[in-house]
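Enquirer: Would you mind keeping the following structure in view while I ask a few things?
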Amino acid sequence: MTAPAIVRPIPAPVPEGQDAQLRERLAGPAPGPMGERLVLLHFRGRRTGRDLEVIAGLHRLGDGLFIATGSRWRHNFAGGAHAAMTWRGRRRPVELRLVDSFDRTVAGYTHLINEYGRAGAERRLGITINVDRAPTDEEVRDAVRRCGLSLVEVRLEEESV
């Protein structure tokens, strides 16, 4: 049996302390180049009511900002929810909305894979590409369906003074 063209491997556990160091760096006033691509999302879990903070990759698609993820926390943003995002060392209010269009999600992942190239897409999207060419649209569709790949739209909100 042939392996699928794209898979989403289960991430390895982050070594003790490394996660806290990354969070601290992203929240600091000068996060460096990684502060452009990585953000901290601060939100309340819908079911648990707990305050959560996750590290996520931020991507530009057209004029919009998006988080590309297959993680379960994405469901908190079905229908949209207010949250906060620390980006470039600054915490700001945002609205996060899970993209509910399958075709729009496929188009977004296809664009990002082509823009980043194989190595960049694997690193920045948390996927493994098992073919030695750009995945076809059908292969991306299959991966989105099979792996639960999703996009969360980020809308920056006006800050109250």
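The values are calculated or read from the model by the stated rules, or taken from the named source; none is laboratory data. Since the structure is predicted, the reported quantities are computational estimates derived from the model, not experimental observations. For neighbour counting, all protein chains shown are included, and Cβ atoms are generated from backbone atoms with ideal geometry for every residue, glycine included.
Enquirer: If you check L112 against the conditions, is it closer than 24 Å to T136 by Cα and not hydroxyl-bearing (S, T, Y)?
Expert: Judged against the criteria, L112 is a match.
Enquirer: Against the definition (in contact with a strand residue (DSSP E or B) (Cβ under 6 Å, 6 or more places away or on another chain) and not hydroxyl-bearing (S, T, Y)), how does G120 come out, yes or no?
Expert: So G120 does not fit the description; no.
Enquirer: Hey, could you check the range 1-49 for residues that are surrounded by fewer than 13 Cβ atoms within 10 Å (Cβ to Cβ), small (G, A, S) and over 18 Å from S71 (Cβ atoms) and say which is modelled with the lowest pLDDT?
Expert: G17
Enquirer: Can you spot a residue in the range 122-136 that is closer than 20 Å to L52 by Cβ, part of a strand (DSSP E or B) and among the polar types (S, T, N, Q)?
Expert: no
Enquirer: Moving on. Only one of R92, R104, R146, R97 is surrounded by fewer than 16 Cβ atoms within 10 Å (Cβ to Cβ), in a strand (DSSP E or B) and modelled with pLDDT of 95 or more. Can you tell me which?
Expert: R92
Enquirer: Let me ask something else. Would you call G89 over 20 Å from L149 (Cβ atoms), in contact with a Pro (Cβ under 6 Å, 6 or more places away or on another chain) and of a type in the set (G, A, S)?
Expert: yes
Enquirer: Here's another thing I want to ask about it. Identify the residue in the range 63-120 that is among the polar types (S, T, N, Q) and without any contact (Cβ under 8 Å) to a residue 24 or more places away in the chain and, among all such residues, is nearest to R47 (Cα to Cα).
Expert: S71
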